[in-house]
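K.L.:
Below is the structure I would like to discuss, written out as structure tokens.
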Amino acid sequence: MFSTVKDDMSIESTLISKERKNAKFPVEELTNVWDGGKEETELRRKIVKLFEDDPVLKSPPICTMTREERFTKATRKSAYIYRNLIPNNGLHPGSREFEHFSRAMPIENNLLVHMIAFIPCIKSFGSQEQVAKWLPLALNLNIIGAYAQTELGHGSFLRGIETEATFDKKTQEFVINCPKVSSMKWWPGDMGLNANHALVMANLIIDGKEYGMHAFIVQIRDLSTHMPLPGVTVGDIGSKMGFEAIDNGFLYMKNVRIPRENLLNKNSEVKPDGTYVKKASDRLMYGSMVNLRVNLPKSQAIDVLAKACTIAIRYSAVRRQGLLNPGGAEVAVLDYTLQQHKLIPQLATVYATKFAGEGIIKKHQAFLQNMAKGNISDLAEIHALSASFKASVSEQCTEGVEVCRRACGGHGYSQASGLPFLLCKITPSCTYEGENTVLYLQTARYLVKCASKQAADLPESIAFLVQPIQDMKGSITSLDNLIICFKNSAALCVQGVSKKVNEMSNKGLAMHEVWNKSSVQLVKSAKMYVMQYIIGAFVSFVTEVKCSEPIKEILQDLCCLYGLHYINTHSGEFLKLGVLSAHHCTLAEETEIQLLEKLRPNAVGIVDAFDFTDSSMESCLGAYDGNVYERLFDMAKLSPLNKEKVHQESYRHLRPFLLEGRDILEGVKSKN
Ligand SMILES: CCCCCCCCCC/C=C\CCC/C=C/C(=O)SCCNC(=O)CCNC(=O)[C@H](O)C(C)(C)COP(=O)(O)OP(=O)(O)OC[C@H]1O[C@@H](n2cnc3c(N)ncnc32)[C@H](O)[C@@H]1OP(=O)(O)O
Ligand SMILES: Cc1cc2nc3c(=O)[nH]c(=O)nc-3n(C[C@H](O)[C@H](O)[C@H](O)COP(=O)(O)OP(=O)(O)OC[C@H]3O[C@@H](n4cnc5c(N)ncnc54)[C@H](O)[C@@H]3O)c2cc1C
């Protein structure tokens, strides 16, 4: 319907080729460092290719589809991936290949909560017999389960959850009830339309006594007709800011009966006579949340910011707007220091959080090994670290994606840029899996407790909180001094708020009031604590990584930039704590600007090194060839509103006035 408008060789693709020629480091080597080795890069590419070449996984660009189409296509693809593609290609959970599979998944998919929450919970909370019964069914999609914890009335405060599971000794069943509208399960992914089972978190009640939150497997739909079972009201909660392909659901249960065996009973059990047997710490109930907070920031937040950086930096390298030299040629917007100041720190965030996250995954694996031997002494530390890490990463990456989107000017507002999709995907990561403020408060609670202990009684990673403040020797811009600066700040923040808490409680104020009145400083302390962790982990990585000098230099520069950018955007905090002087702050600002200038020629190379395929981004601005304008025009042509040259419905409403206008213009009718 539209004629083709093409340039023989667009200036934009020439510009991006020039950028690549100017890069001062081997891009492929940085990709290998990012992936964790050359072999990992090859493996990842093999898996991505396997998915991208598969005809079943092809579909129109998401911005041309309705929610209904997006949900349907995502379900078709996800069912095929989990039931065919993954098992037929040996991509089993736990295998090396599986590690790369989030990079290969189609841009929209669902059944993820079934995979990452329902299945792991069966493994974590189920006895051997229960795992043997439910796991194969779940892995084969014979049953599809949601993780049903949050209710209309409660998400953060789990002790407030109202759904009840009352033990009926006579029938050896639990009776599941949502006593009020506010007790209805609300939000769980995959639950509205696809799931036939749910892992329901409910208050266990035996003989009128409450035993707190426990996990039950509840069948909610018939396996042959997929109709809701008696007593079950289930459906989709409606349109959201994003996640269009996912059926986040509601679930209202009235006298739904499940066998006694459906209480996942690895950690606690109800005997036939109603005796309650506790086998392990209540806190292990929270284990599934720690697991997700540790393992998912990479795919759900860091990779999302990496994609946004790829789009914004490639686009900024070809978008020319205005002059730097009077009388000279128009410049790429990436040549403006202010554009670099928006975008290059985001790149640093991607690297910092990625490598720090790998450190947390290792710590968590060590914790799991100890737990298998019955030792959960590190639980509080890993909970505090993972809670604040999840909060900080989701916050930094969400802010970063919005910076990238705005840095693309008007085109960043177009769905065709791919950026609104990324923003809507990442924004809820600040809320799900623990609302960020609530998570920071959990970390602060642990830190304040630690502040009253001796260094010798604290884990190695925490002892610095109560040790003497270290002196910085030399320039603030050295990596060693950055670590000292952040550690000192975290220690002073925690000590300061602990002092305030103690003083207020010594004056007789109730602890809950003390806590509420100190919560602003508590959250600040948790943020500073996790920042010192991230910086420390990034510096260790940069110091230890084996790579060529040019790559090492880029990583060092990104590491320094990450620390300095944080200092420069929060300088008041550092000055107030007395950790930095005004002179330090001036130097930090000057050095950041120098680093931006130094990293600028490598910016396109650095995002190329993330190695995202065009189809994994669906972005007209971020495609490898830099052909932004032709791509935008081609995408506009696909808009469903452009199906016909005249949109009959809009024409119907406007026609009377247009005809009037025609008559006036042609002089058939006077204006009045
Ligand atoms: C960057 C983003 C990555 C995130 C990963 C998400 C992956 C998702 C990817 C797929 C994409 C989309 C799908 C989204 C799927 C979403 C799923 C969900 O959202 S599921 C619902 C999640 N809900 C929550 O996380 C609820 C948050 N609330 C809580 O965790 C608790 O209620 C809490 C801890 C805030 C308060 O609980 P409570 O009041 O009952 O306890 P206390 O405060 O009294 O604490 C008791 C005691 O326990 C300790 N504690 C608390 N939590 C834990 C834990 N997880 N592990 C270990 N210990 C824990 C606490 O510190 C106290 O200890 P004490 O010694 O007494 O001080
Ligand atoms: C896309 C998406 C997917 C989800 N998937 C699932 C799922 O699969 N399964 C599931 O069970 N749930 C799911 N959830 C629900 C999610 O886990 C909850 O929304 C989340 O835990 C926050 O709880 P809430 O909504 O009750 O927020 P609230 O706790 O009501 O938060 C509202 C405000 O109150 C503040 N606040 C709350 N408590 C405190 C406090 N103690 N101190 C200071 N401030 C406080 C918060 O900071 C926030 O500003 C999903 C949510 C979303 C958005």
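Nothing in this text is a laboratory measurement; each read-out follows from the coordinates by a stated rule. No experiment lies behind these values; they were computed from the predicted model shown. Here Cβ is always computed from backbone atoms with ideal geometry, including for glycine, and neighbour counts include all displayed protein chains.
K.L.:
At 0.36 nm per residue, and after removing the present C-alpha to C-alpha distance, how many nm does the segment from Ile361 to Glu513 gain when stretched out fully?
P.N.:
Value of the extension gain: 51.2 nm.
K.L.:
Would you list, by chain and number, the lysines whose Cα falls below 28 Å from the Cα of Lys240, excluding same-chain residues fewer than 8 positions away?
P.N.:
Hits, sequence-local ones excluded: Lys58, Lys73, Lys77, Lys180, Lys185, Lys254, Lys298, Lys307, Lys390, Lys425, Lys637, Lys643.
K.L.:
Show me the three semi-axes of the equivalent ellipsoid for region 281-637, from the C-alpha gyration tensor (sqrt of 5 times each eigenvalue), largest first, rounded to whole Å.
P.N.:
They are 38, 24, 19 Å, listed largest first.
K.L.:
Give me Thr543, Thr427 ranked fewest to most by other Cβ atoms within 10 Å of their Cβ, as a rough exposure proxy.
P.N.:
Least crowded to most crowded, the residues run Thr543, Thr427.
K.L.:
How far apart, in nanometres, would the label points at Val520 and Tyr651 be if each is projected 7 angstrom from Cα along the Cα-to-Cβ direction?
P.N.:
Result: 6.1 nm between the two label points.
K.L.:
Where the centroid of each part is defined by its Cα atoms, how far is region 332-402 from region 111-159 in Å?
P.N.:
25 Å
K.L.:
If you don't mind, another one. Rank-order 462-468, 254-260 by packing density, defined as the average count of other C-beta atoms within 10 Å over each peptide's residues, highest first.
P.N.:
The most tightly packed comes first, giving 462-468, 254-260.
K.L.:
Right, another one. Could you work out the relative contact order of the chain, using alpha carbon pairs under 8 angstrom and six or more residues apart, expressed as a whole percent?
P.N.:
Computed value for the chain: 15 percent relative contact order.
K.L.:
Given a Förster radius of 35 Å and the C-beta distance between Lys38 and Lys18 as r, what FRET efficiency does 1/(1 + (r/R0)^6) yield to the nearest 0.05?
P.N.:
Between Lys38 and Lys18 the formula returns 0.80.
K.L.:
Does the chain come out rounded, prolate or oblate, given a ≥ b ≥ c as the square roots of the eigenvalues of its C-alpha gyration tensor, rounded meaning a/c under 1.5 and, failing that, prolate meaning a/b above b/c? Display every interim value, and only then the final one.
P.N.:
On the way: a/c = 1.74, a/b = 1.14, b/c = 1.53.
Here the chain falls in the oblate category.
K.L.:
Hey, another quick one. Which of the pairs Lys373/Lys449; Lys354/Lys524; Lys473/Lys524; Lys278/Lys354; Lys123/Lys373; Lys24/Lys546 have their Cα atoms more than 28 Å apart in this structure?
P.N.:
Lys278/Lys354
K.L.:
Which order do the peptides 622-628, 651-657 come out in when sorted by mean C-beta neighbours inside 10 angstrom, highest first?
P.N.:
In decreasing order of mean packing, 622-628, 651-657 become 622-628, 651-657.
K.L.:
Want the number for Ala280 to Leu323: 0.36 nm per residue separation, take away the alpha-carbon distance, what's left?
P.N.:
Full extension from Ala280 to Leu323 adds 8.7 nm.
K.L.:
Let me ask you something else. Given 10 Å bins starting at zero, what is the percent of C-alpha pairs of region 338-447 in each, up to the one with the largest pair distance?
P.N.:
Taking every Cα pair in region 338-447, the percentages come to 14, 34, 31, 15, 6, 1.
K.L.:
Next question. Between Glu69 and Glu666, what FRET efficiency follows from the Cβ-Cβ distance if R0 is 45 Å, with the result rounded to 0.05?
P.N.:
Numbers: r = 44 Å, r/R0 = 0.98.
That gives a FRET efficiency of 0.55.
K.L.:
What is the Cα centroid distance between region 418-441 and region 286-328, reported in whole angstrom?
P.N.:
Value for the Cα centre distance between the two parts: 15 Å.
K.L.:
Listing Glu597, Glu29, Glu19 from the residue with the fewest other Cβ atoms within 10 Å to the one with the most, what is the order?
P.N.:
Placing the least packed residue first, the sequence is Glu597, Glu29, Glu19.
K.L.:
Moving on to the next point. Subtracting the Cα-Cα distance from 0.36 nm times the residue separation, let me have the gained length for Glu29 to Thr543 in nm, one decimal. Numbers along the way, then the final one.
P.N.:
Values: separation 514, 0.36 × 514 = 185.04 nm, distance 1.67 nm.
Taking 0.36 nm per residue and subtracting the Cα distance, the gain is 183.4 nm.
K.L.:
Separation between the Cys424 and Leu641 pseudo-spin-labels, each 7 Å from Cα along Cα→Cβ, expressed in nm?
P.N.:
It works out to 1.5 nm between the two label points.
K.L.:
For every helix of n ≥ 4 consecutive DSSP H residues, a contribution of -39,500 (n - 2.57) applies; sum these over the chain, divide by its total residues, and give [θ] at 222 nm rounded to the nearest 500 deg cm²/dmol.
P.N.:
-16000 deg cm²/dmol
K.L.:
Among Trp34, Trp187, which comes first, then next, by fewest other beta-carbon atoms within 10 Å?
P.N.:
The fewest-first ordering by Cβ neighbours comes to Trp34, Trp187.
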